[in-house]
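To start, the structure under review is shown below, and the notes come after it.
The values are calculated or read from the model by the stated rules, or taken from the named source; none is laboratory data. Since we're looking at a predicted model, the values are computed, not measured. Cβ sites come from the backbone with ideal geometry, for glycine too, and all protein chains shown count toward neighbours. Accessible surface is based on the protein model in full, side chains and every heavy atom, while ligands, DNA and RNA are left aside. Shrake-Rupley method; radii C 1.70, N 1.55, O 1.52, S 1.80 Å.
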Amino acid sequence: MAQVTVDKVSKTYLTDNRSVTALHDVSLDMRDGEFVCVVGHSGCGKTTLLNILAGFLQPSSGEIRVDGVPREKSKASIGVVFQEYALFPWRTALQNVAFGLEMAGESKAAARKRAVEFLELVHLSEFANAYPHQLSGGMRQRVAVARAMAYEPGLLLMDEPFGALDAQTRERLQSLTQEVWLATHKTIFYVTHNISEAVFLGERVVIMRPGPGRIHDIVDIKLPRPRDPLSDEFIDIQRHITRAIMDRDERHG
């Protein structure tokens, strides 16, 4: 697990001889083992922030600290799950999950044992020897989640991981993600456009606004698990977040 601090992070791009500020003065603390969801319009900086957390981008100013030290000096590992499955087509599900462990120096036997455990966790044991083209989209994404989890990252970053899936598959994977998180208590930073998904999964929901990208509000989700998306309490929170995203009142910005 990892404790993460985003401290006054800004990101400015230079495009066509002009500067565009994607993020401005973003600060956020994530507790060990916390599930944080981030929502907001396209262009509000959600994915930019995720990419900075991952180390794919450097902030123009500000700092990311993991367990109290700068991210680049932290020993905590970081896993990433994208919307695209990014599986190796020539490797089986088991081999895909074991890949990161092997690259980290695990023996093949130890990596295989760990991969078997995490395929079981995502309910894919019987498909361990199947290749990606033999799996449905939902199954491929479950393999991607198992691969990211298997080498025990302190921080797991998920960028619209179920956005390309049909509604029923997405709901099943939301439940599975909750199940895996409850079993492992990883620190998760989860980007989504789906407000219901954010309320279902998150302990807190961060609402971001564009122009430039910044945090508008943070909503604590205190509903017991498992959560019922049809309950009055769930719908009330979903409505509140929707209004906060759509509201053009800039008093928080």
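What the table shows:
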quantity: Placed amide H near residue 57: partners under 5 Å, 5+ positions off or other chain; calculated: 52
quantity: Residue-span extension gain [residue 7 to residue 243] - 0.36 nm each, minus C-alpha spacing; calculated: 82.3 nm
quantity: Residues of the chain: accessible area per residue with a 1.4 Å probe, Å²; calculated: 49
quantity: Relative contact order (%) - criterion: Cα under 8 Å, at least six apart; region: the chain; calculated: 27
quantity: Ranked by how many other beta carbons lie within 10 Å on average, peptides 39-48, 74-83 from highest; calculated: 39-48, 74-83
quantity: Environment charge of residue 213, counting only residues whose C-beta is closer than 13 Å and scoring Lys/Arg +1, Asp/Glu -1; calculated: +3
quantity: Angle between the chain longest axis and helix 167-184 axis [Cα atoms, degrees, rounded to 10]; calculated: 80
quantity: 10 °C / 1.306 mPa s Stokes-Einstein diffusion coefficient of the stretch 1-50, Kirkwood radius on C-alpha pairs, µm²/s; calculated: 128
quantity: Estimated inter-spin distance, residue 175 and residue 222, nm [label 7 Å along Cα→Cβ]; calculated: 2.8
quantity: Distant-in-sequence amide H partners of residue 124 (H built 1.01 Å from N, under 5 Å); calculated: none
quantity: Computed magnitude of the charge dipole of the chain (debye, nearest 20; Cβ of K, R +1, Cβ of D, E -1); calculated: 520
quantity: Share of carbon and sulfur in the accessible heavy-atom surface of the stretch 100-253 [1.4 Å probe, %]; calculated: 51
quantity: Karplus (6.51, -1.76, 1.60) ³J(HN,Hα), θ = phi - 60°, over the stretch 225-237, in Hz, Gly and Pro reported as x; calculated: 9, x, 9, 9, x, 9, 6, 4, 5, 4, 5, 4, 5
quantity: Gain on full stretching of the segment that runs from residue 193 to residue 107 - 0.36 nm per residue minus C-alpha separation; calculated: 27.0 nm
quantity: Relative contact order, percent, the stretch 1-137 [alpha-carbon distance under 8 Å, six or more residues apart]; calculated: 21
quantity: Charge context of residue 98, other residues only, Cβ under 12 angstrom, K/R +1, D/E -1; calculated: +3
quantity: Beta bridges by DSSP in the chain, antiparallel share as percent, to the nearest 5; calculated: 55
quantity: Amide H within-cut-off set for residue 216, under 5 Å, with H built and near neighbours excluded; calculated: 207, 208, 209
quantity: Largest-first principal axis extents of the Cα set of the chain (Å); calculated: 55, 44, 35
quantity: The stretch 90-122 and the stretch 1-75: distance between their alpha carbon centers, rounded to Å; calculated: 30
quantity: Leading residue at positive end of dipole, the chain (Cβ point charges), from 58, 145, 226; calculated: 58
quantity: The stretch 190-253, Rg to Rh (Cα coordinates; Rh as Kirkwood inverse mean 1/r); calculated: 0.97
quantity: Formal net charge of residues neighbouring residue 55 (Cβ-Cβ distance under 10 Å; K, R +1; D, E -1); calculated: 0
quantity: Length added when fully stretched, residue 58-residue 15, from 0.36 nm per residue minus Cα-Cα; calculated: 13.8 nm
